[in-house]
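S.K.: First, the structure itself, so that you have it in front of you.
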Amino acid sequence: MDNKIKMQAKNVDFFYGKTQALKKVSLDVYSHKVTAMIGPSGCGKSTFIRLFNRMNELVPHTTLCGEIFLDDLEINNPLVDAVDIRRRVGMVFQKPNPFPKSIFENISYGLKVNGIKNKAFIEHKVEDSLKKAVIWDEVKNRLNDSALKLSGGQQQRLCIARCLAVETEVILFDEPCASLDPISTAKIEELILELKKEYSIVIVTHNMQQAARVSDCTGFFLLGELVEFGKTQDIFTAPKDKRTEAYITGRFG
Amino acid sequence: MKKDFSQSLGFFGLFLCMAVTLLALGSIIYFITVRGFSVLSWDFLTKVPYSAMTKGGIAPVIVGTFYITFGSIIFALPLGLACAIYLCEYSPKSVVVNIIRISINNLAGVPSVVFGLFGLAVFVKFFGFGVSILSGSLTLGILALPMIISSAQEALLAVPQSIREASLSLGATKWETIKNIVLPTALPGILTGVILSIGRVAGETAPILFTAAAFYTRGYPKSIFSEVMALPYHIYALMTEGAHPDKQRAIAYGCSLVLLLLVLFISGLAIILRQRQRSSHG
Amino acid sequence: MDGTVRQIYRAIISMMNMPRFKEKLYKWIFTILAFASLFFLVGIVLVLIKEGLPIFQKVSFSEFIFGRYWYPTYNPAEFGILPLILASIWVTFGAVMVCLPLGVGSALYLNELAGPRQKAVLKPIIELLASIPSVVFGFFGMVVLTPFLQEIFHLPTGLTALNASIILGIMATPTVCSIAEDALNYVPNAFREASFAVGATRWQTLIKVVIPAAGSGISTAVILGMSRAVGETMTVLMVAGGAAVIPHTFLEPVRPMTAAIAAEMGEAPIGGGHYHALFAIALVLFVITFLFNIVAELISRRFRIKLGLSG
């Protein structure tokens, strides 16, 4: 496995109005690795991950300085359309957010907006994505039921499948298990480990054990700063910064 | 002891206010129902009037009301929906948006008879549509516009931001998101607002006085450029014009009852639907 | 220099970006259509001005507003609308006397006394009653209230300012009640609890805490009710009696501005003095309701700020 850099943030500052949410953050996301971001709530980790697919543009009165690269492309370049970036960098949100449509339509939606009309291909892709997200067996007999009838954990796996269907290169997970029970959480973690074979993955979590279980690299955020970034093993066993150590050992957060 | 007394008296006063309000409004419905009921019959609803409006039914009047009401909604719905979409989905918070919002509020407060004059000067005279279904529908449409906008806005705001984000994160454009996700989700709420507006527009009289309504036309309206008879105007005309006030009064009771039932049914439907939607949104 | 060239180049490229062209087109369509309300509002003002101002070639502004005689069809015609303005004021004032206690009282009852179940039934009913068409109210006034008033006051006609006031007041009550109830809902429960905590009774809390806190919200309700009463046409046309003379008591027939427009426009020859005078009345009416709405807007904005709600 190579250590190719897939996405890269360079000196990123981010402001909500006049409040600075991120201070000079630089971080690399490697291909086919899981990169975790941990830290107490309000530390800026969720804000940061939403920069990777330009979701923060939807929030009014925000300013971004610094550069973010996807391969060699600076994604905030005015020539680059946010829509094109989002087709390459998918996102799974904190709360499961299926569309109020059928299970099938939820998955096929991304394909349709990407201009795919071939019915057989779409059907194949829906099945494939649901299988990859390990939810196929649970829903294969009721693809036309409303997605809202599924349980929370099933809904979240459906959202992952929805993301897989558009064949993004990177998947961003913004606290994907925050609203799930332990069994569903375990299933999602297993899934993430499986998915990293094909995708580059970034996950934000406030659950340190989760970061330790699934990630290869970990960044620790505090008050808008990236305090420490390195191999997960190193961060959890031999943190260089005192603040990281204090957080890891549960002295705050 | 004194405290308790003033409290009981005060609370009784409030109860009295509520009781009087319900009693007054209830008695209106009661009188019209009781006296109008004897006029109501199948023929009354399905036959054309004859003998100088003293015999026959009011079918063309009901049909006329139907035409101008739906005409106005056909005009106001796309416009109002577009405006609500702009305000909820596209607008940056700015001076422009404030101006639009203030003009919507003020348009909602314009007296209905002023709409009538506007329709007379612009649609009837300037565009030369004459006193017609078209002129009346356009005039009523402007009146309905603020209602449609505000109910559509409410419906759009009730769509959770999270599913907009989900759609955008899959690489959908803003318009694709609005068309495929936001509008279908908001549709029930939008429809409820439309039904509510229909209920109000159907009972409006002043705007159609000089733009659409006639006391008597032969049979049913033939095109969008014909004058029409409409229920609310008909009630007024039966009470103030014509040669046989006593016989006309009985028909006016019938018309009032039909209009009242129609409006209460439509508005009631909308209110029930909205209550359901609000509770399902939590 | 290099930077400018690059910017121009970028602008051209982004314009050429065809798939996104559709997006921009839609945005522009919505933006333009969003101005429809403003367009119609301005259109109404312009029409009223264009068709109304010519009357001031015949009479001066002060003769128009303060003239005591409205004889638009006489020769020579007189275009004094003071009787009409006073009639509108009288009738509106009378309507407020009815809808203020009934509407606000009902709102207080709903908010403070009715249980959740009762409220769940009464609120939609009040809302439903607000949808009864004005012509039905007018009809009711003509056939029921008119003979009744005529009998108890021994009047030559029951079609009077009093009749119009009562009917208008009842008609505006559900609107006032709904808006006032919303205002009461916004009063935080902490206010009430704080008052109970120092030993106040429910009634004292209501009078001294809840009503002052919701005061401007309630005023907004009343102003909007008044605005509706001033602009209401069909009921006053049917029950106010229609005499265009300066009223002295509530038991005389009157002709409010809206009724004058509605009743006379049909007979006024288009382009004549009478026609222009009626548009000028509509302009006055528009200005009055516009002011009402602005005042209501300002008060309700202050109310929201006072209670710490977002504007």
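S.K.: Please work out which one of (1) in a helix (DSSP H, G or I); (2) more than 10 Å from chain B (Cβ to nearest Cβ); (3) open to solvent by 50 Å² or more (accessible area, probe 1.4 Å) is the condition A:K112 fails and give its number.
M.R.: If we test A:K112 against (1) in a helix (DSSP H, G or I); (2) more than 10 Å from chain B (Cβ to nearest Cβ); (3) open to solvent by 50 Å² or more (accessible area, probe 1.4 Å), just (2) comes out false.
S.K.: Moving on to the next point. I need a count of the residues in region C:29-58 that are open to solvent by 40 Å² or more (accessible area, probe 1.4 Å) and at the interface with chain B (Cβ under 9 Å from one of its Cβ atoms). Talk me through it step by step, then tell me what you get.
M.R.: First, the residues of region C:29-58 that are open to solvent by 40 Å² or more (accessible area, probe 1.4 Å): C:29, C:32-33, C:35, C:38-39, C:42, C:45-46, C:49-50, C:53, C:56-58.
Cutting the leftovers down to at the interface with chain B (Cβ under 9 Å from one of its Cβ atoms) gives us C:29, C:32-33, C:35, C:38-39, C:42, C:50.
Of the residues in region C:29-58, 8 are open to solvent by 40 Å² or more (accessible area, probe 1.4 Å) and at the interface with chain B (Cβ under 9 Å from one of its Cβ atoms).
S.K.: Has region B:51-62 got at least one residue that is surrounded by fewer than 23 Cβ atoms within 10 Å (Cβ to Cβ), among the hydrophobic types (A, V, I, L, M, F, W, C) and within 18 Å of B:G203 (Cα to Cα)?
M.R.: Within region B:51-62 (the criterion being surrounded by fewer than 23 Cβ atoms within 10 Å (Cβ to Cβ), among the hydrophobic types (A, V, I, L, M, F, W, C) and within 18 Å of B:G203 (Cα to Cα)), the answer is yes, since at least one residue qualifies.
S.K.: A follow-up question, please. Against the condition free of Cβ contacts under 8 Å to residues at least 24 places away in the same chain, part of a helix (DSSP H, G or I) and within 30 Å of C:S60 (Cβ to Cβ), how does C:L283 come out, does it pass? Don't jump to the end; show me each part of the working.
M.R.: On the way: free of Cβ contacts under 8 Å to residues at least 24 places away in the same chain: no; part of a helix (DSSP H, G or I): yes; within 30 Å of C:S60 (Cβ to Cβ): yes.
No.
S.K.: Starting from residues that are under 15 Å from C:G266 (Cα atoms) and within 11 Å of another protein chain (Cβ to nearest Cβ), keep the ones in region B:215-240 and report whichever is surrounded by the most Cβ atoms within 10 Å (Cβ to Cβ).
M.R.: The extreme case among them is B:Y233.
S.K.: Here's a follow-up. Can you name the residue in region A:79-104 that is in a helix (DSSP H, G or I), in contact (Cβ under 8 Å) with a residue 12 or more places away in the chain and of a type in the set (D, E, K, R) and, of all such residues, is surrounded by the most Cβ atoms within 10 Å (Cβ to Cβ)?
M.R.: The first filter runs over region A:79-104 and keeps only residues in a helix (DSSP H, G or I), leaving A:82-88, A:103-104.
Remaining after also requiring in contact (Cβ under 8 Å) with a residue 12 or more places away in the chain: A:82, A:85-88, A:103-104.
Now narrow it down to the ones that are of a type in the set (D, E, K, R): A:86-88.
Values: A:R86: 25, A:R87: 21, A:R88: 18.
Restricting to residues being in a helix (DSSP H, G or I), in contact (Cβ under 8 Å) with a residue 12 or more places away in the chain and of a type in the set (D, E, K, R), the top hit is A:R86.
S.K.: Could you list all residues from region A:3-58 that are among the basic types (K, R) and under 13 Å from the mean Cα position of the chain (by Cα)? Before the answer, list the steps.
M.R.: Within region A:3-58, the first condition is being among the basic types (K, R), and the residues that meet it are A:4, A:6, A:10, A:18, A:23-24, A:33, A:45, A:50, A:54.
Correct list: A:K33, A:K45, A:R50, A:R54.
S.K.: Identify all residues within region A:167-193 that are of a type in the set (V, I, T) and open to solvent by less than 60 Å² (accessible area, probe 1.4 Å); write none if there are none.
M.R.: As a first pass, look at region A:167-193 and keep what is of a type in the set (V, I, T): A:168, A:170-171, A:183, A:185, A:188, A:192.
Listed by number, the residues that qualify are A:T168, A:V170, A:I171, A:T185, A:I188, A:I192.
S.K.: Which one is farthest from the chain's Cα centre (by Cα), of the residues in region A:159-214 that are basic (K, R) and not in a helix (DSSP H, G or I)?
M.R.: Start the filter on region A:159-214 by keeping residues that are basic (K, R), which leaves A:162, A:187, A:196-197, A:213.
The next check asks that each one be not in a helix (DSSP H, G or I); those that pass are A:196-197.
Values: A:K196: 12, A:K197: 15 Å.
Ranking the qualifying residues of region A:159-214, first place goes to A:K197.
S.K.: What number of residues within region C:160-182 are under 10 Å from C:A107 (Cβ atoms) and surrounded by fewer than 24 Cβ atoms within 10 Å (Cβ to Cβ)?
M.R.: Summing the residues that are under 10 Å from C:A107 (Cβ atoms) and surrounded by fewer than 24 Cβ atoms within 10 Å (Cβ to Cβ) in region C:160-182 gives 3.
S.K.: Right, here's the next one. Considering region B:241-251 alone, what residues qualify as being open to solvent by less than 70 Å² (accessible area, probe 1.4 Å) and without any contact (Cβ under 8 Å) to a residue 24 or more places away in the chain? Give the derivation first.
M.R.: As a first pass, look at region B:241-251 and keep what is open to solvent by less than 70 Å² (accessible area, probe 1.4 Å): B:242, B:248, B:250-251.
Scanning region B:241-251 gives no hits.
S.K.: Which residue out of B:S135, B:S112 is surrounded by 19 or more Cβ atoms within 10 Å (Cβ to Cβ), at the interface with another protein chain (Cβ under 9 Å from one of its Cβ atoms) and either of a type in the set (A, V, I, L, M, F, W, C) or in contact with a Leu (Cβ under 9 Å, 6 or more places away or on another chain) (or both)?
M.R.: Numbers: B:S135 fails: at the interface with another protein chain (Cβ under 9 Å from one of its Cβ atoms).
None of the others qualify; the one that does is B:S112.
S.K.: Next up: What are the residue pairs meeting all of these: first residue in region A:139-162, first residue hydroxyl-bearing (S, T, Y), second residue part of a helix (DSSP H, G or I), Cβ atoms under 8 Å, and 6 or more apart or on different chains?
M.R.: These pairs meet every condition: A:S146/A:I103; A:S151/A:S184.
S.K.: Across region B:252-273, which residue is least open to solvent (accessible area, probe 1.4 Å) among those that are out of contact with any Gly (no Cβ under 7 Å at 6 or more places or on another chain) and more than 9 Å from every other protein chain (Cβ to nearest Cβ)?
M.R.: Step one: list which residues in region B:252-273 are out of contact with any Gly (no Cβ under 7 Å at 6 or more places or on another chain), which gives B:252, B:255, B:258, B:260-262, B:264-265, B:268-269, B:271-273.
Pick out the ones that are also more than 9 Å from every other protein chain (Cβ to nearest Cβ) and you get B:258, B:261-262, B:265, B:269, B:273.
Details: B:V258: 19, B:L261: 93, B:L262: 65, B:F265: 140, B:L269: 78, B:L273: 59 Å².
The extreme case among them is B:V258.
Residues are listed down the side, and each one gets a yes or a no for (1) modelled with pLDDT under 90; (2) more than 26 Å from the chain's Cα centre (by Cα):
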{"site": "C:I166", "(1), (2)": "no, no"}
{"site": "C:G169", "(1), (2)": "no, no"}
{"site": "C:V187", "(1), (2)": "yes, no"}
{"site": "C:A194", "(1), (2)": "no, yes"}
{"site": "C:A200", "(1), (2)": "yes, yes"}
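S.K.: Now, a different point. Hand me the list of helices (runs of 4 or more DSSP H) wholly inside region C:97-148 holding 2 or more residues that are more than 7 Å from chain B (Cβ to nearest Cβ) and open to solvent by 30 Å² or more (accessible area, probe 1.4 Å).
M.R.: Working: elements: C:105-108, C:116-129, C:134-140.
Here the list reads C:116-129.
S.K.: Okay, next question. Check every one of the helices (runs of 4 or more DSSP H) wholly within region C:14-86 and list those with 3 or more residues that are closer than 30 Å to B:P146 by Cα. Walk me through how you get there before you give the answer.
M.R.: Working: elements: C:18-34, C:36-52, C:61-66.
It comes to C:18-34, C:36-52.
S.K.: Would you mention how many residues in region C:246-267 are touching a Lys or Arg at 6+ places or on another chain (Cβ under 8 Å) and assigned to a loop (DSSP other than H, G, I, E, B)?
M.R.: 1
The values are calculated or read from the model by the stated rules, or taken from the named source; none is laboratory data. Everything quoted here is computed from the prediction, not taken from an experiment. As a convention, Cβ positions derive from the backbone with ideal geometry for all residues, glycine included, and neighbour counts pool all protein chains shown. Accessible surface areas use protein heavy atoms only, side chains included; no ligands, DNA or RNA. Shrake-Rupley method; radii C 1.70, N 1.55, O 1.52, S 1.80 Å.
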